[in-house]
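Okay, so here's the structure we're looking at.
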């Protein structure tokens, strides 16, 4: 008898696929009140470090720390509306609508490029080269999120990577689907190829929903 594939197990929601409920859960938000950075902290739920900010009304808040920020820096020098940021600047933690909070480019090392702006809209280019139009009142942080070189550091020990993957609710290590038995996965079998089309309907059941889900195109891309 075969075993349930990862898509089925993840849908059931067992403890293996749940992110631990950490006690420290900071809420990243932008405020219109001036403030200063009082500490640079680590958040186990994200890659980039966060900056602890004390605002002038004596309230505490958290923002994703950009490269070059330090204790005592004014948060107003980094977090500004897109309308006040110069064209050609590199930004991250971008709001998709005014006062929505940072939504785009939040991971370490990722940033967008402010292409152009006018009174009604600002054009940014995301790391995927996709161009997006936003409201000029949307706030963003100037610079690049700190911790961009984390992928260059080797794991050295397998246990280090095991704990890092499981801290986020990921399954590690994972076996390739084509290396499984035929009864364990739709792509399994003696061949080292899927053996069937990788495109699958979006309404397929969890046991069949593997591969390219509702793919727009198939085959080799023509140049």
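Tabulated values for the structure
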quantity: Criterion (surrounded by 11 or more Cβ atoms within 10 Å (Cβ to Cβ) and in contact with a strand residue (DSSP E or B) (Cβ under 9 Å, 6 or more places away or on another chain)) met by exactly one of 143, 188; calculated: 143
quantity: Leading residue by the ranking (modelled with the lowest pLDDT) among those in region 11-35 that are buried (at least 16 other Cβ atoms within 10 Å of the Cβ) and more than 18 Å from residue 105 (Cα to Cα); calculated: 31
quantity: Inter-residue pairs, beta-carbon under 8 Å, first in contact (Cβ under 8 Å) with a residue 60 or more places away in the chain and in region 200-212, second assigned to a strand (DSSP E or B), 6+ apart; calculated: 209/200; 210/200
quantity: Of the criteria (1) farther than 21 Å from residue 170 by Cα; (2) exposed (fewer than 12 other Cβ atoms within 10 Å of the Cβ), which one residue 41 fails; calculated: (2)
quantity: Residues of region 157-174 that turn out to be at pLDDT 85 or above, surrounded by 11 or more Cβ atoms within 10 Å (Cβ to Cβ) and farther than 21 Å from residue 42 by Cα, as a count; calculated: 1
quantity: Flag if residue 223 is assigned to a loop (DSSP other than H, G, I, E, B), surrounded by fewer than 10 Cβ atoms within 10 Å (Cβ to Cβ) and touching a helix residue (DSSP H, G or I) at 6+ places or on another chain (Cβ under 7 Å); calculated: no
quantity: Check on residue 46, touching a strand residue (DSSP E or B) at 6+ places or on another chain (Cβ under 9 Å), over 30 Å from residue 120 (Cβ atoms), touching a residue at least 60 places away in the same chain (Cβ under 8 Å) and in a loop (DSSP other than H, G, I, E, B); calculated: yes
quantity: Odd one out for residue 140 among (1) out of contact with any helix residue (DSSP H, G or I) (no Cβ under 7 Å at 6 or more places or on another chain); (2) more than 16 Å from residue 7 (Cβ to Cβ); calculated: (1)
quantity: Search result, residues across region 172-199 that are touching a residue at least 12 places away in the same chain (Cβ under 8 Å) and closer than 30 Å to residue 157 by Cβ; calculated: 174, 177, 178, 179, 184, 185, 192
quantity: Any chance residue 196 is within 30 Å of residue 99 (Cα to Cα) and part of a loop (DSSP other than H, G, I, E, B); calculated: no
quantity: All positions within region 123-140 that are surrounded by 16 or more Cβ atoms within 10 Å (Cβ to Cβ) and over 20 Å from the mean Cα position of the chain (by Cα); calculated: 123, 135, 136
quantity: Residue within region 143-150 that is free of Cβ contacts under 8 Å to residues at least 60 places away in the same chain and over 30 Å from residue 77 (Cβ atoms) present; calculated: no
quantity: Failed item in (1) part of a strand (DSSP E or B); (2) touching a helix residue (DSSP H, G or I) at 6+ places or on another chain (Cβ under 7 Å), with residue 40 passing the rest; calculated: (2)
quantity: Scan of region 151-171 for residues that are under 30 Å from residue 68 (Cβ atoms) and in contact (Cβ under 8 Å) with a residue 12 or more places away in the chain, ordered by number; calculated: 151, 167, 168
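A quick yes/no check of all residues on (1) at pLDDT 85 or above; (2) assigned by TED's automatic domain parsing to the domain that holds residue 65; (3) within 25 Å of the chain's Cα centre (by Cα):
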residue	(1), (2), (3)
155	yes, no, yes
192	yes, no, no
203	yes, no, no
222	no, no, no
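The values are calculated or read from the model by the stated rules, or taken from the named source; none is laboratory data. None of these values were measured; they are calculated from a predicted model. Positions of Cβ are backbone-derived with ideal geometry, glycine not excepted, and every protein chain shown enters the neighbour counts.
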